Amino acid sequence: MANTSPVTDTAEAAERIAELGQRAGLVEVVPVGAVTAGLAGEQLAELGLMASSRARVRVFSDDGKCVHDSRVMRRALEYVKAFDGVISQHAQDPNLAGKSSCCHEGELSGRLGLPGWPSIAEESIVARDVMLARHTGSRVHIAHVSTAGSVEVLRWAKAQGINVTAEVTPHHLMLTTDLLAAYDPVFKVNPPLRPAEDVEALRTALADGTIDAVATDHAPHVRHDKEHAFIDAAFGMLGLETALPVVCTAMVESGMMGWERVAEVMSIAPARIARSETQGRPLAPGAPANLTLVDPHRERVIDRSSSLPFPQQPVARPVSDRNRRAHDAAWSHYCPTGQRSWEGV
Ligand SMILES: [Zn+2]
């Protein structure tokens with residue numbers, strides 16, 4: 001995401017991140033560019049220059065903050081259309097859910113005395129942005145969808161042929177707002193955990209294609225950022241290592257999705273949305289292959305961490321042999337024929 005220091009709002013900053021990733025050589029690092037300069041929500045960042053830079057930025061987001069000004073959002077959508085870019089929106093109307101809002105607004109937030117983060121703060125931005133996407137004919141992507149109302153809007157928008165895609169996090173597919181009752185900051189995340197009805201709607205939407213992808217919203221905080229009173233602790237939780245096991249538990253073991261759909265929502269669709277030419281593709285002789293191998297029968301205990309919300313959850317199922325990169329003749333070693341569920345993972 002672009003909320004780096006300094007903010008990724010110029011071609012130079014984007015190229016620098018891409019270079020650092022290349023130099024490390026562990027995984028492919030593709031920077032997301034900021035929508036507005038300094039994530040301030042006022043002036044557009046160097047969208048065109050980032051797109052034409054060596055970093056080839058196609059996804060732009062002020063994530064962490066909402067592009068709240070409708071005029072700025074409209075201009076951004078118009079601008080990125082020229083190079084098939086996409087604006088990824090952190091949907092949170094700051095007038096309805098401010099910086100201190102940290103608990104789903106409802107009976108529980110009242111009882112706990114925590115500032116509420118109402119569903120409508122997300123849904124009103126999702127509704128506005130799908131209409132802006134229709135108006136501009138451009139692509140909008142909704143990050144970390146968390147409410148049943150947002151799902152309803154997305155379902156309608158897709159039925160109209162509006163160019164909108166959406167993602168859900170593993171934790172919003174698994175955890176509910178009642179976990180906040182013990183004031184454990186490990187469950188403090190933005191958008192907040194929602195009631196079971198929302199979790200159910202998100203699972204259904206992921207299974208039926210209304211939500212296109214799973215994205216982790218991974219937030220690796222240092223211990224002292226998280227170990228505070230709930231109200232003062234940092235937002236966010238770990239999610240990378242547990243993403244696949246959580247999706248497996250919530251969607252595959254529940255019978256809502258098969259492994260081919262898992263490959264679609266965790267690899268193929270994200271690559272398509274980001275216009276990546278090197279990820280999420282079927283294996284082919286002679287073509288580079290980025291693979292994640294999954295052993296669904298292997299179990300692994302996940303260590304407790306101050307930012308990991310799944311210590312006792314039944315999620316430690318498949319273990320991935322992540323990000324193996326194979327070339328040419330080597331690919332057949334990693335993908336024996338008949339293992340269709342591995343394609344594009
Ligand atoms: Zn966000």
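Mind listing whichever residues of the range 36-67 are surrounded by 21 or more Cβ atoms within 10 Å (Cβ to Cβ) and in contact with a Leu (Cβ under 7 Å, 6 or more places away or on another chain)? Residues satisfying the conditions are Thr36, Phe60, Asp62. Looking at the range 135-156, can you tell me whether even one residue there is closer than 22 Å to Pro220 by Cα, touching a residue at least 12 places away in the same chain (Cβ under 8 Å) and polar (S, T, N, Q)? So far as the range 135-156 goes, yes, one or more of its residues are closer than 22 Å to Pro220 by Cα, touching a residue at least 12 places away in the same chain (Cβ under 8 Å) and polar (S, T, N, Q). Does any residue in the range 71-82 that is without any contact (Cβ under 8 Å) to a residue 60 or more places away in the chain and crowded, with 18+ Cβ neighbours inside 10 Å come within less than 7 Å, Cβ to Cβ, of a residue that is of a type in the set (D, E, K, R) and part of a helix (DSSP H, G or I) six or more places away or on a different chain, and which pairs are these? From the range 71-82, the pairs are Met73/Asp129.
When you scan the range 113-123, do you find a residue that is in a helix (DSSP H, G or I), touching a residue at least 40 places away in the same chain (Cβ under 8 Å) and over 17 Å from Asp198 (Cβ atoms), even just one? No, the range 113-123 contains no residue that is in a helix (DSSP H, G or I), touching a residue at least 40 places away in the same chain (Cβ under 8 Å) and over 17 Å from Asp198 (Cβ atoms). Here the range 83-110 is the region considered, the condition is being more than 27 Å from Thr176 (Cβ to Cβ) and within 16 Å of the ligand (Cβ to nearest atom), and the residue that is surrounded by the fewest Cβ atoms within 10 Å (Cβ to Cβ) is Val86.
Glu299 versus (1) under 20 Å from Thr216 (Cβ atoms); (2) at pLDDT 65 or above: which is the lone unmet condition? The single condition Glu299 does not satisfy is (1). Of the residues Asp93, Asp84, Asp62, the single one that is on the phi > 0 side of the Ramachandran plot, part of a loop (DSSP other than H, G, I, E, B) and of a type in the set (D, E, K, R) is Asp84. Within the range 174-208, being out of contact with any strand residue (DSSP E or B) (no Cβ under 7 Å at 6 or more places or on another chain) and within 16 Å of the ligand (Cβ to nearest atom) holds for Lys188, Val189, Asn190.
A quick yes/no check of all residues on (1) touching a Ser or Thr at 6+ places or on another chain (Cβ under 7 Å); (2) under 30 Å from Pro115 (Cβ atoms); (3) surrounded by fewer than 22 Cβ atoms within 10 Å (Cβ to Cβ):
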{"position": "Asn190", "(1), (2), (3)": "no, yes, yes"}
{"position": "Ala196", "(1), (2), (3)": "yes, yes, yes"}
{"position": "Phe235", "(1), (2), (3)": "no, yes, yes"}
{"position": "Glu260", "(1), (2), (3)": "yes, no, yes"}
{"position": "Ala271", "(1), (2), (3)": "no, no, yes"}
{"position": "Ser276", "(1), (2), (3)": "no, no, yes"}
{"position": "Pro285", "(1), (2), (3)": "no, no, yes"}
{"position": "Thr292", "(1), (2), (3)": "yes, no, yes"}
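Of the set (1) part of a loop (DSSP other than H, G, I, E, B); (2) within 23 Å of Leu108 (Cβ to Cβ), all apply to Ala250 but (1). Close contacts from the range 88-108, counting a first residue that is farther than 25 Å from Ala229 by Cβ and a second that is away from the ligand (no atom under 13 Å from the Cβ) and of a type in the set (Ser, Thr, Tyr), with Cβ to Cβ under 6 Å and a gap of 6+ residues or different chains, come to Asp93/Ser124. Against the numbered list (1) outside any helix (DSSP H, G or I); (2) more than 23 Å from Gly64 (Cβ to Cβ), Pro191 comes up short only at (2).
Per-residue answers, yes or no, for (1) away from the ligand (no atom under 15 Å from the Cβ); (2) more than 27 Å from Ile125 (Cα to Cα):
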position	(1), (2)
Ala34	no, no
Ala37	yes, no
Ala40	yes, no
Leu47	yes, no
Ser52	yes, yes
Arg58	yes, no
Ser70	yes, no
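The values are calculated or read from the model by the stated rules, or taken from the named source; none is laboratory data. Keep in mind that what you see is a predicted model, and the values were worked out from it rather than measured. Please note: Cβ atoms are built from the backbone with ideal geometry, for glycine as well, and neighbour counts cover all protein chains shown.
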